[in-house]
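The values are calculated or read from the model by the stated rules, or taken from the named source; none is laboratory data. This structure is a prediction, so every number in the text was calculated from the model and none was measured. Cβ sites come from the backbone with ideal geometry, for glycine too, and all protein chains shown count toward neighbours. Protein only, heavy atoms only, side chains kept; ligands, DNA and RNA dropped before computing areas. Shrake-Rupley method; radii C 1.70, N 1.55, O 1.52, S 1.80 Å.
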Amino acid sequence: MFRLVSLNLNGIRSAASKGVVEWTEQASPDCMGVQELKAQAPDVQGRFDALAGLRGHFHHAEKKGYSGVGLYSRHEPSDVRVGFGVPEFDAEGRYVELRFDKPGRKLSILSVYFPSGSSGEERQEAKFRFLDAIEPHLQALKGEREFILIGDVNIAHREADLKNWKGNLKNSGFLPEERAWMTRLLDPAGATGLVDVYRALHPDATDACYTWWSNRGQARAKNVGWRIDYHLATPALAETARAASIYKEQWFSDHAPLTIDYEFTL
C-alpha cells in the first residue's frame with residue numbers, strides 16, 4: 001500500500017510549531033506533498049529538509065515568505081523536476097515533481113500550489129494564466145506517464161464542495177470559469193481525463209469533505225469550509241485508490257491533511 005498525503009502548511013515553521021512533524025511520524029506516509037512553505041532554502045536546510053524519515057525536495061519562491069512547495073518521500077526518486085517551464089509561475093515556487101521510473105513503468109508524484117485569486121483582479125488574471133499554462137503541461141505528461149497531482153488547487157469544483165456555494169458564485173475559487181476548467185480537466189473523454197480521487201471514493205460527501213476553512217467568522221467551528229485540496233490522478237492509478245481521510249483532530253494550518261491509500265508500491 002502506498003500512503004500519499006497532501007497538506008497546505010501555511011508556513012512550514014508555523015505548522016512545525018503546531019505539531020505537524022509529530023503527526024507525520026504517526027501518519028507514516030510514503031510520500032507527502034506540501035504547499036505554502038513560506039520559507040527559502042536556507043530556512044529549510046538542516047531543519048526541514050527531512051521530515052519523519054522522509055527526504056524532502058523543494059521548489060522555493062524567489063520572493064521571501066511566499067508560496068513554495070515540497071515533496072517528502074520515503075523512496076528515492078529516479079528524477080526530480082522543479083518548475084514546469086513557465087517563468088512567471090516558476091519564480092513563485094509552485095511545482096515539484098518526483099519521478100519513480102523503472103523498466104516498463106513511468107510514474108510521477110507532483111506537488112502543486114495553484115494561485116489564489118481572492119486578493120483582487122490582478123491575481124485572478126494570474127490564476128487564469130496559470131490554469132491556461134498547466135493544462136497542456138498535464139496533458140503532455142499524461143501522454144507519457146502515470147501520475148498523481150496533489151495540492152491546493154484553490155478551486156471548489158461542485159456545489160457540494162463548499163458550505164456556502166450560493167454566496168460564492170462570484171468569488172474566486174468558485175467562479176464559473178474555474179469550475180468549467182475543472183470539469184474539462186476531469187472529463188474522461190477529454191485530453192487530460194484526470195480523476196478526482198477523493199470524489200471517486202466519496203461521491204456524496206458534503207460537510208465531511210472540506211479541507212480549508214477561513215480564519216474569519218468562526219468558519220472552522222461552524223464547519224463553513226471548502227474542498228480545495230485534491231489528489232488528481234491518471235485513471236489507472238486512481239483505480240488503485242482504496243481509502244481517503246481528512247484529518248481534523250489537530251490543526252497545523254488553515255487546511256487539513258488529505259490522505260489517500262493506493263494499492264501500488266514504488
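Our summary gives segment 143-184 a relative contact order of 40 percent, counting only alpha carbon pairs under 8 angstrom and 6 or more residues apart.
The Cα atoms of segment 203-266 give a gyration tensor whose axes a ≥ b ≥ c have a/c of 1.5 or more with a/b greater than b/c, which makes the shape prolate. Taken over the Cα atoms of segment 159-231, the convex hull encloses 93 Å³ per residue. Between segment 102-141 and segment 1-54, the alpha-carbon centres lie 21 Å apart.
Protein heavy-atom accessible surface, 1.4 Å probe, per residue over segment 45-194: 45 Å².
With all protein chains present, how much of the accessible area of the chain (probe radius 1.4 Å) comes from carbon and sulfur, to the nearest whole percent? Roughly 48 percent of what the probe reaches on the chain is carbon or sulfur.
Taken over the C-alpha atoms, segment 167-208 has Rg and Dmax values of 12.1, 32 angstrom. Extension gain for the segment D79 to N164, taken as residue separation times 0.36 nm less the Cα-Cα distance, is 26.4 nm to one decimal. Shape verdict for segment 139-198, please, from the Cα gyration tensor: rounded (a/c under 1.5), prolate (a/b greater than b/c) or oblate. Taking the square roots of the gyration eigenvalues as a ≥ b ≥ c, segment 139-198 is prolate. For the chain, the relative contact order comes to 20 percent (Cα pairs under 8 Å, sequence separation of at least 6).
Backbone phi angles across segment 50-67, fed through the Karplus curve with coefficients 6.51, -1.76 and 1.60 (θ = phi - 60°), yield HN-Hα couplings of 9, 9, 6, x, 9, 8, x, 10, 10, 10, 8, 6, 5, 7, 5, x, 9, 6 Hz in residue order; Gly and Pro are listed as x. Report summary: the helix-based calculation at 222 nm, which adds -39500 (n - 2.57) for every DSSP H run with n ≥ 4 and divides by the residues of the chain, gives -6500 deg cm²/dmol. Here the alpha carbons of segment 1-127 define both size measures, Rg and Dmax, at 14.7, 47 Å. The alpha carbon convex hull volume per residue for segment 138-260 rounds to 108 Å³. Under 1.5 on a/c is rounded, so check that first for the chain, then, if it is not, pick prolate when a/b is larger than b/c and oblate when it is not; a ≥ b ≥ c are the square roots of the alpha carbon gyration tensor eigenvalues. It is rounded, given that a/c, with a ≥ b ≥ c, falls under 1.5. Segment 64-93 and segment 183-204 have Cα centres spaced 24 Å apart. Between the listed residues L185, H202, W165, the Cα displaced farthest toward the positive end of the dipole of segment 157-251, a dipole computed from Cβ unit charges relative to the Cα centre, is found at W165.
Each of G151, Q218, T234 was scored by the projection of its Cα onto the charge dipole of segment 129-254, and the greatest displacement toward the positive side belongs to Q218; charges sit on the C-beta of Lys, Arg, Asp and Glu. Relative contact order of segment 106-169, taken over Cα pairs closer than 8 Å and 6 or more residues apart, is 46 percent.
Between S119 and N223, what FRET efficiency follows from the Cβ-Cβ distance if R0 is 25 Å, with the result rounded to 0.05?
So, using R0 = 25 Å, E works out to roughly 0.50.
Our summary of shape: the Cα atoms of segment 26-73 have principal axis extents of 32, 19, 15 Å, ordered from largest down, in whole angstrom.
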